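Read through the structure below, which is laid out as structure tokens, and then see the notes.
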Amino acid sequence: MGKQKKKNISDKVRNKRKESERKINPFEVKINRQKHDVLGRKISKHDRGMPGLSRSKAIKKRKATLLQEYGQRLKSNKFVDKRFGEHDATLSVEDKMMKRFALERAKGDKVNKYSLNDNEEELTHYGQSLSEIEKFDNPDISDEDDEDQGRIDGKLVSQEHFGGFLENSNYVSVGGGDNKSWKERMEELITKSKKEKHERQMEKEKSLQLTQQLDDDWKSLRFLMASGRNKEDDTVKPKKDDYDIAVRELQFEMKSKPTDRLKTEEELAKEEKERLEKQESDRLKRMQGILEDDEHRSTHLSADDLNDGFALDYKEETIEASDGDEEDKDQQGSGEDEGDGEDNDEIDEEKEEENDEEEDGEKEEIEEEQSEDGDDSDDSYGDLESEDQGSDVEEEDKQKPTLDLKKKKKVMEEARKELPYTFKAPENYEDLLELLQTQTESDQLIIIDRIIKCHHPSLAEGNKQKLESLFSFLVQYYGDLTLQEPPCLSLADKLVPVLYGLTQQSSVPAAIAVLDQIKDRQEEYDTICDKKAGRGLYPGLDTLLLLKLVAVLFPTSDFRHPVTTPTMLFICQMLAQTPVNHERDVAVGLFLCNLCLEYIYLSRRFVPEAINFLHGLLYLASKKDPNKIEPVIPPFKPVGKSINLLEIKKPVKKKIQTQLKMSEVLTTDMDRDALNNDGFRLSVISSTVVLLEQFSAVYDNYPSYQEIFSPIKCQCGKLPVSNYPESLQKQIQRLVNNITDGMETKRKPLLMQKKKPPPLKMFEPKIEEVFDDRKKRKGGSKEINEKQKLVHKYKKEMKGAIREIRKDSYMIAQVQFQEQKEKDDERKRKVKQLYGLLANQEGDYRAMKRNKSHNGNKEK
């Protein structure tokens, strides 16, 4: 039977092999055929084979190893024998036991490796072992009354309560051999415990008395010892160190206290408005003659006063009402004429004099009545006072009301002269002029400041629009100040910070307001140019200061700005289209060039109009050849009366006035011949040289620096330098040196490379007599070659490992996806099953309900 079994097994194996051989399809066999046979080449083993055979083997191997590990990753039902030496056949049983015992002892020693109490075997409490305390033998640990209160001795407890089984094992001797009842024994126990407690309390009191006596004795001895020690210390007193002094100072140094938080802009504006309103209310009270002393002064109340608010002083009420009307008039009519104000003041003074006379009469009557009452009540003491004292008191009483009235008059006059602390925002430009025209410069600034503070945007909803309109009015007023004769430049200069603050609050409306002013000026200039065939006139002082104001209020470094960019274009237009016919045009052009420098100082933009104008001024100051016409760019002319406008024909040695005051140059009273002198010419030439130096520093990194400043350098050589002072000669020489240095240090133009150009690639074939298709190895030492081999093997193995890891991860991902798919299918199947059960139940329920209704109908 056994042989037949082996035969059957071999038949099965043989049949399996045949089946596997039959499954191979000859059309699937891969054959790598070569195009040409090469002599000397070995035949590769990969030239023939099945493409999927190696892959199927790898998959089977992964299923046998990796898949098994993945399936058992969450299982822990394995018993691993970790006993020492269990799998070591060389050790005997006794050796295994000894080794295990040694390891157990070593593990036990590690627990107490860092213990500091190795010698103490028992835990103690107050010198007694905890094991003895647990036996209740003698638990007297502390002497405190609270702890001992109600405590019973352990022996008594063991004998009486538990029959003494803790000491004797005989439970029969419960009573201890006497015939006392349980109640008697408990009474004896209580008395005994009270006695012991009393004894302990007496001992404690005695120890406290002895301790107190010892402390008193020690105090007397301590003073004696301290006095002797102080004498010794006085003899040898060490000096204090710097460190000790510093420590003492730090100990007694004042500690910092927390300060109040910083208030927001809205809170500060609210407080400022409240302060101004309070000051305005105080001013109005002072105008009515109401002082702070009158408000706080306590009025005399007689015994017959009913305190019902009824008063007969109707004249004072009418006076106060008239004063209130005057307040309203003062608030509303801050811009009234001076004549009307004087008439109102005279009427008010007459009314006050009449009211003062009436008040004096009433006061005299009241004083007489009080004196009579006093005489009636104080008859017994009237003889003691002398007649002289009575007369002095009467005189003083009469003088007091007159002094108070004079003081009130003075305060009222001062209050009327003061500026109001609150103002209404002007609705148009005429309202602003009414407020400011009759005031001084300082008062005008105060009024504008108070208007801004009273109408801060955070205080009310429409205040922002009021301040925006105020900004446009102030810009217009700023220009009108420069048109006055003489121009009020100091006030215009003080208005600039105010305008800057309003611009920061609302930048867009401010930009629109200023841009409208610039557009109006430019339209006027264009109309003049149209009338004069494209040639305009330089503007007045108001336009020049407005152009300068733009550089202060708005940024000039932006690539494009809605205000500064049009303003810059307007300046360049004036420099390019306005001819220079007299000295005023020269001064205005220099001012515009200075403005151009301010506009482009940060952005470093190139302004050819300004450079051309400065070059033209040097042309007007240079010597000309009468037989030659030099090329000049407009607005300058090569011929005409004004070509020698700045030429100095005689030597001048006086000092140069470097600053030109535009207010003096542009005044209408000054004649044109007043500027036709050598001093003005020298100051213009000096200012031109300074501006050219600054422009050369700004355009220092320009590639076209040479083209820009080479004409200026040539023009400086044509100036009559011998007629100039030494300081101006040095300035011109410094400008020429700076331009020369700038031309030399500029970037060089691009040039071709000087090295030999590489030859073109030739497409001729490279013929080798002996061809070797193997890669030629680079020469090197043996160590280098070995290292390269190892590196090559390492890279090859690394690539293979990465490839295998990717395949393993791909397989694991497929298995996980399959598991998740099976779970989802199972869940869907269960959900369908539940839905089917619910549908069946619902159908049964409806059928049952239908049958019931049908049966009910039949019964009916």
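The values are calculated or read from the model by the stated rules, or taken from the named source; none is laboratory data. No experiment lies behind these values; they were computed from the predicted model shown. Please note: Cβ atoms are built from the backbone with ideal geometry, for glycine as well, and neighbour counts cover all protein chains shown. SASA here: full protein model, heavy atoms, side chains in, ligands and nucleic acids out. Shrake-Rupley method; radii C 1.70, N 1.55, O 1.52, S 1.80 Å.
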**Study point:** Condition met for Ser472 (over 15 Å from Lys453 (Cα atoms), among the hydroxyl-bearing types (Ser, Thr, Tyr) and either without any contact (Cβ under 8 Å) to a residue 24 or more places away in the chain or surrounded by fewer than 15 Cβ atoms within 10 Å (Cβ to Cβ) (or both))
**Key:** no
Exercise for review: Hey, can you tell me all the residues within the stretch 49-76 that are touching an Asp or Glu at 6+ places or on another chain (Cβ under 8 Å) and modelled with pLDDT of 85 or more?
Suggested key: Arg62, Leu66
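Just one of Phe27, Phe79 is in a loop (DSSP other than H, G, I, E, B), modelled with pLDDT of 70 or more and surrounded by fewer than 10 Cβ atoms within 10 Å (Cβ to Cβ); which is it?
Numbers: Phe27 fails: in a loop (DSSP other than H, G, I, E, B).
Residue meeting the stated conditions: Phe79.
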Point to revise | Scan of the stretch 60-76 for residues that are surrounded by 10 or more Cβ atoms within 10 Å (Cβ to Cβ) and assigned to a loop (DSSP other than H, G, I, E, B), ordered by number | key: Gln72
Review point. If you go through the stretch 497-549 one residue at a time, how many are farther than 30 Å from Asp449 by Cβ and of a type outside the set (D, E, K, R)?
Key: 11
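Take the residues in the stretch 266-275 that are within 16 Å of Asp449 (Cα to Cα) and touching a residue at least 40 places away in the same chain (Cβ under 8 Å); name whichever of them is most open to solvent (accessible area, probe 1.4 Å). Steps first, answer last, please.
Let us first name the residues in the stretch 266-275 that are within 16 Å of Asp449 (Cα to Cα), namely 268-275.
Checking the rest, the ones that are also touching a residue at least 40 places away in the same chain (Cβ under 8 Å) come to 269-270, 272-273.
On the way: Ala269: 12, Lys270: 117, Glu272: 43, Lys273: 56 Å².
My answer is Lys270.
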Practice item. Having 1 or more residues that are open to solvent by 70 Å² or more (accessible area, probe 1.4 Å) and at pLDDT below 85 is the bar; report the helices (runs of 4 or more DSSP H) wholly within the stretch 667-758 that clear it. Key: 705-716, 726-744
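Look at the stretch 604-631 and say how many of its residues are of a type outside the set (Asp, Glu) and either in a helix (DSSP H, G or I) or open to solvent by less than 30 Å² (accessible area, probe 1.4 Å) (or both).
Of the stretch 604-631, the ones of a type outside the set (Asp, Glu) are 604-608, 610-624, 626-629, 631.
Now narrow it down to the ones that are either in a helix (DSSP H, G or I) or open to solvent by less than 30 Å² (accessible area, probe 1.4 Å) (or both): 607-608, 610-622.
Looking only at that region, the number is 15.
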Practice item. Working only within the stretch 559-586, note down all residues that are in contact (Cβ under 8 Å) with a residue 12 or more places away in the chain and open to solvent by 50 Å² or more (accessible area, probe 1.4 Å). Key: Phe559, Pro562, Gln577, Asn581, Arg584
Check your understanding: Within the stretch 484-491, is even one residue surrounded by 15 or more Cβ atoms within 10 Å (Cβ to Cβ) and at pLDDT 90 or above?
Key -> yes
